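Read through the structure below, which is laid out as structure tokens, and then see the notes.
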Amino acid sequence: TSVNLAIDKMIIAREKEGSLLKVDLLEKLELITKGLDVIKGYTPMIVKAYKEKLDLRIAELVDMPDLDQGRLAMEVAVFADKVCIDEEIVRLETHISHMKATLDETKPIGRKLDFLTQELNREANTILSKANSIEVSDVGLEFKTEIEKIREQIQNIE
């Protein structure tokens, strides 16, 4: 019947659109992955720069006659937390991996992809807030652009 034919054509069109969306999303995820590799290359320089700042700050505190060891420990902890984006990198890689696996599922995946996109965005924001490097900030902004494109595409997925 013509209704069955129309339904079959619609299913074929949706499958084709889904395949094209999958390719596009995988390309965007690959751009983010390449950006992570760039950031990993800058991490040693960022750590070195923070270490130098930390050394200066400790030297200032040590010269204080009434040095509070608790305050010194707190300063060290704050600086250490600022420099470390390793956790965010690992989480981004994990979310990318989950997103790729989700794209291979046959059941409706729109909500799951939407959630994973939110997580990608959260980690990118944290990297940007911790970045003390123009190069890392530039890559982080590229992440944000690609993640926004991913979010827009996901609105077309069930």
Only one of these is within 16 Å of E158 (Cα to Cα) and β-branched (V, I, T): I39, I12, I46. Name it.
I12
Out of all the residues in region 2-16, is one or more out of contact with any Pro (no Cβ under 9 Å at 6 or more places or on another chain), in contact (Cβ under 8 Å) with a residue 12 or more places away in the chain and not polar (S, T, N, Q)?
no
Are any residues in region 8-46 within 13 Å of the chain's Cα centre (by Cα) and open to solvent by 100 Å² or more (accessible area, probe 1.4 Å), and if so, which ones?
K34
Please give the number of the condition K82 fails out of (1) open to solvent by 80 Å² or more (accessible area, probe 1.4 Å); (2) without any contact (Cβ under 8 Å) to a residue 24 or more places away in the chain; (3) more than 23 Å from T145 (Cα to Cα).
(2)
Can you give me the ranges of the helices (runs of 4 or more DSSP H) entirely in region 67-136 with at least 3 residues that are under 17 Å from E30 (Cα atoms)?
86-103, 110-130
Could you run through region 104-157 and say how many residues are among the acidic types (D, E) and under 12 Å from the mean Cα position of the chain (by Cα)?
5
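The values are calculated or read from the model by the stated rules, or taken from the named source; none is laboratory data. Quick caveat, the model's predicted, so the values are computed rather than measured. Glycine also receives a Cβ, built like all others from the backbone with ideal geometry; neighbour counts cover every protein chain displayed. When the accessible area is computed, the model is the full protein with side chains, heavy atoms only, and any ligands, DNA or RNA have been set aside. Shrake-Rupley method; radii C 1.70, N 1.55, O 1.52, S 1.80 Å.
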